[in-house]
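Here is the structure we will look at.
None of the figures in this text is laboratory data; all of them are computed from the coordinates on show. Only a predicted model underlies this, so the values are computations on that prediction, with no experimental measurement involved. Heads up, the Cβs are rebuilt from the backbone with ideal geometry, glycines too, and the neighbour counts pull from every protein chain shown.
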C-alpha cells in the first residue's frame, strides 16, 4: 500500500487555495517528496506529516515553480531538523539550477551542515528496497531532462495456511522458508515445495507520477494497469492550442491516457487559475469516471485494485 499527500496543486503560480507543486509518496518507512515548489515547507507543516525521514526528493523538471521551495527546505533542515543527508534526484539541467539555488543563494560559499547529494536522473531504477522499487522514465515537456516516476511493490504468492495444515507443516521457520520460495523437508521425511502451499501470483501496488507533460504518446505502457496515476491537467480542451504551445496537457488528454492505460484512479493536478475546478472534473469524467481533481492536503491510500481518500481538503 502507498499513501499520497498533495502539498501543492497549482499551475505556474500559487492561488488563494492552491500552493505550488509538491506531493509526498509514502510506503511504510520510506518517504519521497516529489517536486518542491515555493512554500512547500509550510505546506508540510500544515499537512501535519512533519519533516521526519523526508530526505529523498524527486524533481520532475527544473522549472522554478517545481524547485524554488528547496531553498527554504534546506535552510530549515540545516538549522532545525535532525536530517544528516539530503538526496535530490533530477535531470542534469534541473540539477544545474538546483546547485545554483542551494550553493549560490542559500549557502553562498558556506559549508553545508548536512550532506547534500545531487543525483543525476537517467531512465531506469533509482531506488530499491525490500518491498518497493522506484523507476524514473522520460517525459516530454519544455526543455531537456524531464522525468516521471513509477512506484512498484513486488509481486507475491500468498501463503495458504489451510494447505499447510493439510500437510501438517508446523508453524515456525519451515513455513517461513516456503514463503521465501525454498522447498523444505519435514521431520517425518516428506519433501514439500512452495507450489504446494502458495497461491497464485498477486501483483503489488503500481503507482505512476507524471509532472508537467506535453504529450502522452510515450506514457501508455509505463502507466499500463497502474492503480493510481498523478498527471497534470493545466488546460481544458477548448484551449488545446495553448496547451500544445506551452507543453502542457488538457484534462481530456489526461483522461484519454487513463482509459488507454487501464489505470485504476486518476489524480489531476497542476490546475490553472483560469478555470473552475468543476470544469476540469467534468471534462475528465466524461471520458474516465474514477477521477479526482486534487486539492492541497488531499490524502489518499493506493492499494492494488483500490484507491481511497483518507483526508479531504478542508476547503
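Here are the numbers for this structure:
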{"quantity": "Selected from 290, 130, 262 as most flexible by GNM, with the chain as the system and alpha-carbon contacts under 10 Å", "calculated": "130"}
{"quantity": "GNM result for the chain, Cα springs below 10 Å: residue of 245, 115, 163 fluctuating most strongly", "calculated": "163"}
{"quantity": "Relative contact order for the chain, counting Cα pairs under 8 Å that sit 6 or more residues apart, in percent", "calculated": "16 percent"}
{"quantity": "For the range 246-315, diffusion coefficient by Stokes-Einstein and Kirkwood Rh (Cα), 10 °C, 1.306 mPa s, µm²/s", "calculated": "124 µm²/s"}
{"quantity": "Bridge type composition, the chain - antiparallel percent by DSSP, nearest 5", "calculated": "60 percent"}
{"quantity": "Cα gyration tensor shape for the range 48-162, rounded if a/c is under 1.5, else prolate or oblate", "calculated": "oblate"}
{"quantity": "GNM top mover of 298, 237, 227 - the chain, alpha-carbon springs below 10 Å", "calculated": "237"}
{"quantity": "Radius of gyration, Dmax [the chain; alpha carbons; angstrom]", "calculated": "21.9, 74"}
{"quantity": "Computed [θ] at 222 nm, deg cm²/dmol, the chain (DSSP H ≥ 4; -39,500 (n - 2.57); rounded to nearest 500)", "calculated": "-6000 deg cm²/dmol"}
{"quantity": "Cβ-based exposure ranking for 235, 275, in which fewest neighbours within 10 Å come first", "calculated": "275, 235"}
{"quantity": "Proxy reagent accessibility, fewest Cβ within 10 Å first, across 24, 291", "calculated": "24, 291"}
{"quantity": "Cα gyration tensor shape for the range 1-107, rounded if a/c is under 1.5, else prolate or oblate", "calculated": "rounded"}
{"quantity": "Cα shape, the range 243-287, gyration tensor, a/c 1.5 rule", "calculated": "oblate"}
{"quantity": "Tail fraction, Cα-Cα pairs, the range 176-315, threshold 24 Å, whole percent", "calculated": "42 percent"}
